[in-house]
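What follows is a single structure, written as structure tokens, with notes after it.
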Amino acid sequence: MKRHGIGVIGYGVWGTHSLQEILLRQEGVEMVGVSSHDRWGECQFGDTVAAGRKYAGEKGCAFWEDWEKVVEDPSVDIVSVMTSPVSKLEVVLAALERGKSVVMDKPLAMNAEGARRMVKAEKESRGVGMVLCGHQYGRPCEKLGELIGEGRLGELRHVDSWLYFMGGIYPGFRPTERYRSEVPGGELTVIGTHAIQTVLAVAGRRPVEVRCRIGQRFYEEYAAVGYEDWAELLLTLEGGVTAGVSVGRLPHKLERQLPLLEVSGTRGYAVVEGEELMVWPGEETFAFEESQQERYDRLFGDFLRAVETGEESPIGFEDLYQVQRVLDAGYAGAKTGKTVRLEEE
């Protein structure tokens with residue numbers, strides 16, 4: 001396998017996600033350099049520059065205060081963008097302009113216009129982009145997509161997704177005014193992006209209409225900065241397929257979480273829960289034993305092959321652009337209580 005050098009921008013800023021750590025488990029991948037600074041977002045976990053220097057030292061690579069050195073270094077093939085959403089556009093466009101590939105956590109951008117610009121830049125670059133998002137790359141959802149394509153459920157009619165993160169707020173997280181200004185929204189963005197992406201990928205349809213309700217149900221610190229902890233969406237997709245999405249962050253922890261996905265067609269019904277897919281009629285169950293680490297290794301292995309071949313990334317910018325369109329419409333509709341129809345592309 002070809003050697004891949006990774007440069008990191010924004011270490012220690014956007015949560016604790018460090019996607020390069022997953023990439024480093026792949027053969028032929030090595031760290032080249034790290035750049036971190038407070039400008040990339042509200043720091044939730046200490047001094048960003050100190051954290052970046054320490055991390056670079058642990059990895060035996062360079063630390064650059066000037067972030068542009070990351071995208072300019074010829075030994076950097078992949079840029080791990082760990083900045084806040086409000087800062088991503090600048091970094092991603094600079095990386096793609098120089099032919100670098102990009103990997104990041106969701107969301108793709110602050111709004112659909114920024115996401116559209118990233119999609120355009122990726123198409124014009126020799127680099128490819130991937131966003132860690134959704135559950136459609138898991139074996140149960142992959143199998144469900146195959147069955148839908150084979151007509152096992154008949155004509156697709158409705159998809160429901162429930163996704164609740166349980167156990168309270170991430171330890172150490174502070175929803176400050178600055179943090180709120182650097183993200184598109186609250187848990188509809190953080191959690192809902194996963195559910196929306198999964199629904200769109202499994203259904204294989206683009207969104208047409210969005211109706212949304214959001215609220216602060218559990219956390220006073222969220223309400224203080226206008227950061228919702230709960231949201232419901234009703235989507236209309238191409239072909240008249242409807243979809244319901246319910247997401248939120250609960251203060252309690254249950255041993256058995258809510259179902260992730262339900263799909264109804266004219267001839268059948270399917271449920272994905274955990275690593276199981278159940279299909280009716282026939283009461284057929286498909287059980288998988290892939291761990292999260294195994295799934296990530298498979299996903300990032302496919303991403304590296306896309307980097308090498310120029311083929312489509314497993315979860316690409318175009319996928320997340322469609323999600324961002326839903327988020328924009330959802331937040332706009334939540335203010336008015338009206339259904340928002342997306343403009344035709």
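One line per residue, one yes/no per condition, for (1) modelled with pLDDT under 95; (2) more than 30 Å from Gly46 (Cα to Cα); (3) within 20 Å of the chain's Cα centre (by Cα):
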position: Tyr164; (1), (2), (3): yes, no, yes
position: Thr176; (1), (2), (3): yes, no, no
position: Glu187; (1), (2), (3): no, no, yes
position: Ala195; (1), (2), (3): no, yes, yes
position: Val199; (1), (2), (3): no, yes, yes
position: Arg213; (1), (2), (3): no, yes, no
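From the list Leu144, Leu153, the one residue that fits, being buried (at least 22 other Cβ atoms within 10 Å of the Cβ) and more than 18 Å from Gln324 (Cβ to Cβ), is Leu144. Condition test on Lys54, is it assigned to a loop (DSSP other than H, G, I, E, B) and open to solvent by 50 Å² or more (accessible area, probe 1.4 Å)? Here the answer is no, as Lys54 does not meet what is asked.
A single member of Asp328, Asp302 is under 30 Å from Arg117 (Cβ atoms), free of Cβ contacts under 8 Å to residues at least 40 places away in the same chain and either part of a helix (DSSP H, G or I) or open to solvent by less than 10 Å² (accessible area, probe 1.4 Å) (or both), and it is Asp302. Can you find a residue in the stretch 318-325 that is among the aliphatic types (A, V, I, L, M) and in contact with a Gly (Cβ under 8 Å, 6 or more places away or on another chain)? Within the stretch 318-325, not a single residue is among the aliphatic types (A, V, I, L, M) and in contact with a Gly (Cβ under 8 Å, 6 or more places away or on another chain).
None of Val86, Val76, Val13 is aliphatic (A, V, I, L, M), part of a loop (DSSP other than H, G, I, E, B), closer than 20 Å to Thr176 by Cα and touching a residue at least 60 places away in the same chain (Cβ under 8 Å) except Val13. Restricting the first member to the stretch 274-288 and to residues that are of a type in the set (D, E, K, R), and the second to residues that are in a loop (DSSP other than H, G, I, E, B) and open to solvent by less than 80 Å² (accessible area, probe 1.4 Å), the beta-carbon pairs closer than 7 Å and six or more apart or on different chains are Glu275/Phe288; Glu275/Glu290. Restrict the check to the stretch 245-256 and report whether at least one residue is assigned to a strand (DSSP E or B), over 28 Å from Pro314 (Cα atoms) and either open to solvent by 60 Å² or more (accessible area, probe 1.4 Å) or not assigned by TED's automatic domain parsing to the domain that holds Gly168 (or both). Within the stretch 245-256, not a single residue is assigned to a strand (DSSP E or B), over 28 Å from Pro314 (Cα atoms) and either open to solvent by 60 Å² or more (accessible area, probe 1.4 Å) or not assigned by TED's automatic domain parsing to the domain that holds Gly168 (or both). Picking from residues in the stretch 5-40 that are over 22 Å from Glu72 (Cα atoms) and touching a helix residue (DSSP H, G or I) at 6+ places or on another chain (Cβ under 8 Å), the one that is surrounded by the fewest Cβ atoms within 10 Å (Cβ to Cβ) is Arg25. Only one of these is touching a residue at least 24 places away in the same chain (Cβ under 8 Å), under 28 Å from Ser313 (Cβ atoms) and part of a helix (DSSP H, G or I): Leu163, Leu188. Name it. Sole residue among the options that is touching a residue at least 24 places away in the same chain (Cβ under 8 Å), under 28 Å from Ser313 (Cβ atoms) and part of a helix (DSSP H, G or I): Leu188.
Set side by side, the residues Tyr222, Tyr227 differ, and just one is in a loop (DSSP other than H, G, I, E, B) and not polar (S, T, N, Q), which is Tyr227.
Here's the yes/no breakdown for (1) assigned to a loop (DSSP other than H, G, I, E, B); (2) not acidic (Asp, Glu):
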{"residue": "Pro107", "(1), (2)": "yes, yes"}
{"residue": "Glu122", "(1), (2)": "no, no"}
{"residue": "Met130", "(1), (2)": "no, yes"}
{"residue": "Ile148", "(1), (2)": "no, yes"}
{"residue": "Ile169", "(1), (2)": "yes, yes"}
{"residue": "Gly172", "(1), (2)": "yes, yes"}
{"residue": "Pro184", "(1), (2)": "yes, yes"}
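State whether the residues of the stretch 180-192 include one that is farther than 18 Å from Cys133 by Cα and not small (Gly, Ala, Ser). Yes; the residues of the stretch 180-192 include at least one that is farther than 18 Å from Cys133 by Cα and not small (Gly, Ala, Ser).
The values are calculated or read from the model by the stated rules, or taken from the named source; none is laboratory data. Keep in mind the model is a prediction, meaning the values are calculated, not measured. Ideal geometry is used to build each Cβ from the backbone, glycine not excepted, and the neighbour counts take in all protein chains shown. The protein model used for the area step is the full one, side chains on, heavy atoms only, and it has no ligands, DNA or RNA in it. Shrake-Rupley method; radii C 1.70, N 1.55, O 1.52, S 1.80 Å.
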